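The values are calculated or read from the model by the stated rules, or taken from the named source; none is laboratory data. This one's a predicted model, so the numbers in the text were calculated from it and none came from an experiment. A quick note on method: Cβ atoms are made from the backbone with ideal geometry, for glycine too, and the neighbour counts reach across all protein chains shown.
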Amino acid sequence: MNIVDQIKEHAQQAIKNVFEQEVGYELLTVNSTKPEFDGDYTLVLFSFVKQLRKSPEQIGEALGQNMVQQFPEFYSSYNVIKGFLNLVVTDVYWIGYLQHNFAKTTFTIPQAKAKKIVLEYASPNTNKPLHLGHLRNIFLGWSMAEILQHCGHDVVKTCIVNDRGIHICKSMLAWQKLANGATPESTNMKGDHFVGHYYVLFENELKAEAQPIIDKIIGGNISGYDEATTTQLQKLTTALSKATDEEKQSKIKDDIKEIARNQTPIMQEAKAMLQQWEAGDETVLALWKKMNGWVYEGFDATYSRIGADFAKTYYESETYLPGKKFVEAGLEQGIFYKKEDNSTWVDLTPDGLDEKLLLRGNGTSVYITQDLGLAQEKYDDFKYDESSYVIADEQNYHMKVLKLILQKLGKPYADGIFHLSYGMVELPSGRMKSREGTVVDADDIMDEMNLVAKTKTEELGKVKDFSEAELHELYETIGLGALKFFLLRVDPKKKMIFNPEESIEFHGFTGPFVQYTHARIKSMLRKEFADANITKDSTSLLPKEKALVVLLEQYDTITLQAAQEHNPSLLAMYAFEIAKAFNTLYAELSILNAESEEKKHLRLQISQLTAGVIASTMQLLGIRVPERM
C-alpha cells in the first residue's frame, strides 16, 4: 500500500476515534505538501466539514493530534493552515521504506478492477512511409499499453492498416504511369519510401492538372460541369467576389481547389481504379497486393527498430465489407436513410452533431463504414471492456460520430469506445503535408537523431573505451531515447513542435539527461554495493536525502495517475524530477566518501532504488537506459 492510501486509512480511523463518525474514503483527498509549508503530505479538510459540524481548523487540530499519538512511528509532527492538515512523516518510516524496496528489480501494481482493453495505434496508410506524426502516435500508443498493463489491466495491442481507398489508388496509378517497371530492389529504396515517392509524384501531376481549372473557375468560367457542381461553384465564386477578409477568401479558394482537383483527368482515373478494386478487378488487385507487400516490408523494418508490436493487425480491405452490413442493418431499423443520389446517411443533428455520410451513392464506402465493421470485429475477437483508439485530434468529431452511431445501433460495446486524442506534431518550419512531400520520414528522423547523439557524445569525450559495436548500440539508445522522450514528455492533448537538437541535450528536460543519470548511478554501484543492514533508528535523513526518497515512493501513484488520465507525459516528468533530485544530492552530498559508513550505505540504497525506478519508468515509455555512457 502506498503512503497516500495509508494516510487516508489513518485519517478515517482518527475521525472515528475523535468524532465517532465514519467518513467515506472518496471524501479523503491527500496531496503532496506545497514547498512553502512544513510537511510531506496534506490532508484536505473541507470535504467533511459539513458532516462533522466543525471548522476546518478544529478538525485539523483534532485529527493531527490523534494521528501523531496513534501512529508515532509514522508521523513526527503536524500543522494546520487554512483548512489543510500538513503531516510530517518520520525518518523512521522513510528509512524503513527504503530498506524494504531498495533492492527491487520489478515494479508492478496489482489492480483490483482490471479491464480487458483493446488499444489501437499506428494506423498507417500503405501509400507512404511512417513519418514523424506516426511516431508520436506509435510511442503514445505503445507506452499507454505498457502503462495500463503494468497497472494490472489485460491489454491487447492492435493496428489497423489503411490499405485501400483513393489515396492508395493514387500511388498505384502513378507507378503504372511513371515507374517503367521499377521496384524497391532495382532502385535500392526501402519499400514504403518507394511507394510514397509515387504518391508525391501523383500529387505533383494532380496539382499541375488542377491549376488551369482553378484559374478558369476563379476567372468566372464555370461552364462544362454537372448541375450539382455548377451550383456549388456559383455559390463559391459569388462568395469569393463579396469576401473582403483574406482568411475567408483563402478558405473559399481552398474549397474551389478541392472541386478542381476532383475534375482533373488523373483524379478521375484514380476514382475509376478504386471502383475497379471494389469490383474485384484481377489486374488492379494484383498491383495492389504487390505494392502493399513492398510497403509492409518497410513498415516491419521500422517497427522492429522502434520496438513497436501488435497482437493483431487488421486491414481496412477486410473490414469495410462488414461495415457495409452495418449500413444495411441501420437502414432496416430506420436509423439510417438514403438520399436521392442513393447515398446512405445518418442524421445526428438531434444529438448536436450533423448529418453523416455512411455510403456513397456509387456504393463505395467511406472511413466510418470501415470503422463500424472494425469495432464489431474487435469485440468479436476480444470481448473488450474498453476499446481505445490512439488518433490525432483532427478526428475528434469522427470518433464522436462512431461512438454515437454504435450506441444508436444498440451495440453492447459502444460505451467502451475511448478516443485517446493527441495533438499534431509540427516542425519549426510549420506543419507537415504528405501531398506536398514535406513530411519528415520516421527512418530519416531516427538516422538524424543517431547522428546528433554521436556528435553530442563525442563532444563529451567519454567513449574512448567503447568498441564500435558498443558505440553503435549506444548512439541508437540515446538517439531513439531522446526522440521518444521528447515526443512523450508533452501532454498528449497539446500540439507540439519537434526540434532534434533540443531533444538530445544532456542537461534539462530530455531523455539523455535521465539516461545519463542512470548510467552514473550504475557506474558508482559497480564500485560499491549497498549494505542492507541499516537499522531504521540508527540514522536520520538530511533534506536532500528525504526529498529523493519521498519522490521515489510516489512511483505507484504517478503510474496509476498516468494510466487513469491516459497521459505518459506524467511519467516523463516524473523520471526527470527523479534524475534532477538525484543529481542535486550527488552534487551536494558525497556518497562513496560519506561522513560515516552508515550514511554511505544509506545513500547507496537511495542510489540503487533511484536507478531501479528510473529504469522502470523509462521502460514504460519504451526507452532503454544504458549501464554506461
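Checking the conditions here, which among Phe466, Phe486 is farther than 22 Å from Gly133 by Cβ and either touching a strand residue (DSSP E or B) at 6+ places or on another chain (Cβ under 7 Å) or of a type in the set (Phe, Trp, Tyr) (or both)?
Working: Phe486 fails: farther than 22 Å from Gly133 by Cβ.
Just a single option satisfies the conditions, and that option is Phe466.
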Check your understanding: Out of all the residues in the stretch 502-557, which are acidic (Asp, Glu), at pLDDT 95 or above and within 29 Å of the chain's Cα centre (by Cα)?
Key -> Glu553
**Study point:** Those residues of the stretch 53-81 which are surrounded by fewer than 19 Cβ atoms within 10 Å (Cβ to Cβ), over 17 Å from Ile3 (Cβ atoms) and among the aliphatic types (A, V, I, L, M), in sequence order
**Key:** Ile81
Review point. How many of the residues making up the stretch 377-409 are in contact with a helix residue (DSSP H, G or I) (Cβ under 6 Å, 6 or more places away or on another chain), assigned to a helix (DSSP H, G or I) and of a type in the set (S, T, N, Q)?
Key: 1
Revision key, fill the gap. Note on the stretch 81-111: residues within 23 Å of Ala611 (Cβ to Cβ) and among the aliphatic types (A, V, I, L, M) are Ile95, Leu98, Ala103, Ile109
Check your understanding: Which residues, counting only those in the stretch 496-532, are more than 28 Å from Glu426 (Cβ to Cβ) and either assigned to a loop (DSSP other than H, G, I, E, B) or of a type in the set (Val, Ile, Thr) (or both)?
Key -> Thr517, Ile521, Arg526, Lys527, Glu528, Phe529, Ala530, Asp531, Ala532
Revision key, fill the gap. Apart from one, (1) part of a loop (DSSP other than H, G, I, E, B); (2) within 18 Å of Pro492 (Cβ to Cβ) all hold for Pro412; the odd one out is (2)
Exercise for review: For Ile95, state whether it is touching a helix residue (DSSP H, G or I) at 6+ places or on another chain (Cβ under 9 Å), farther than 30 Å from Leu285 by Cα and at pLDDT 95 or above.
Suggested key: no
Point to revise | Subset of the stretch 581-592 that is small (Gly, Ala, Ser) and part of a helix (DSSP H, G or I) - its residue that is farthest from the chain's Cα centre (by Cα) | key: Ala587
**Study point:** Positions within the stretch 344-376 being part of a helix (DSSP H, G or I), among the charged types (D, E, K, R) and surrounded by fewer than 16 Cβ atoms within 10 Å (Cβ to Cβ), in sequence order
**Key:** Asp351
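Taking Glu297 as the residue in question, decide whether it is without any contact (Cβ under 8 Å) to a residue 12 or more places away in the chain, out of contact with any Pro (no Cβ under 7 Å at 6 or more places or on another chain), under 28 Å from Asp443 (Cβ atoms) and of a type outside the set (Phe, Trp, Tyr).
Values: without any contact (Cβ under 8 Å) to a residue 12 or more places away in the chain: no; out of contact with any Pro (no Cβ under 7 Å at 6 or more places or on another chain): yes; under 28 Å from Asp443 (Cβ atoms): yes; of a type outside the set (Phe, Trp, Tyr): yes.
For Glu297, the condition - without any contact (Cβ under 8 Å) to a residue 12 or more places away in the chain, out of contact with any Pro (no Cβ under 7 Å at 6 or more places or on another chain), under 28 Å from Asp443 (Cβ atoms) and of a type outside the set (Phe, Trp, Tyr) - is not met.
Residues are listed down the side, and each one gets a yes or a no for (1) assigned to a helix (DSSP H, G or I); (2) out of contact with any Lys or Arg (no Cβ under 8 Å at 6 or more places or on another chain); (3) within 30 Å of His472 (Cα to Cα):
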| residue | (1), (2), (3) |
| --- | --- |
| Thr539 | no, no, no |
| Ala547 | yes, yes, no |
| Leu552 | yes, yes, no |
| Met573 | yes, no, yes |
| Ile578 | yes, yes, yes |
| Ala594 | no, no, no |
| Arg603 | yes, yes, no |
| Gln619 | yes, yes, yes |
| Ile623 | no, no, yes |
Exercise for review: Report, by residue number, each residue of the stretch 82-98 that is of a type in the set (A, V, I, L, M), in a helix (DSSP H, G or I) and surrounded by 20 or more Cβ atoms within 10 Å (Cβ to Cβ).
Suggested key: Ile95, Leu98
Check your understanding: Is there any pair with a first residue in the stretch 200-226 that is assigned by TED's automatic domain parsing to the domain that holds Lys177 and surrounded by 13 or more Cβ atoms within 10 Å (Cβ to Cβ) and a second that is of a type in the set (Ser, Thr, Tyr) and modelled with pLDDT under 90 whose Cβ atoms are under 9 Å apart and which are 6 or more apart or on different chains, and what are they?
Key -> Val200/Ser434; Glu203/Ser434
Practice item. Could you tell me whether Gln275 is at pLDDT below 95 and either part of a helix (DSSP H, G or I) or under 30 Å from Ala145 (Cα atoms) (or both)? Key: yes
Study note, to complete from the structure: For the stretch 52-76, pairs from a residue that is at negative phi to a residue that is polar (S, T, N, Q) and not in a helix (DSSP H, G or I), with Cβ under 7 Å and 6 or more apart or across chains, are Leu52/Gln21; Val68/Ser77; Glu73/Thr90; Phe74/Thr90; Tyr75/Thr90; Ser76/Thr90
Review point. Taking interchain pairs and intrachain pairs at least six residues apart, which have beta carbon atoms under 7 angstrom, with the first residue in the stretch 227-244 and free of Cβ contacts under 8 Å to residues at least 24 places away in the same chain and the second of a type outside the set (Lys, Arg) and not in a helix (DSSP H, G or I)?
Key: Thr230/Ile222; Gln234/Ile222; Thr237/Gly220; Thr237/Ile222
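Given the residues Met618, Met629, Met573, which is the only one that is under 20 Å from Phe506 (Cα atoms) and modelled with pLDDT under 95?
Met629
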Practice item. Go through the stretch 24-59 and count every residue that is touching a strand residue (DSSP E or B) at 6+ places or on another chain (Cβ under 7 Å) and either polar (S, T, N, Q) or over 19 Å from Tyr75 (Cβ atoms) (or both). Key: 6
Point to revise | Scope the stretch 460-489; condition in a helix (DSSP H, G or I) and among the acidic types (Asp, Glu); matching residues | key: Glu468, Glu470, Glu473, Glu476
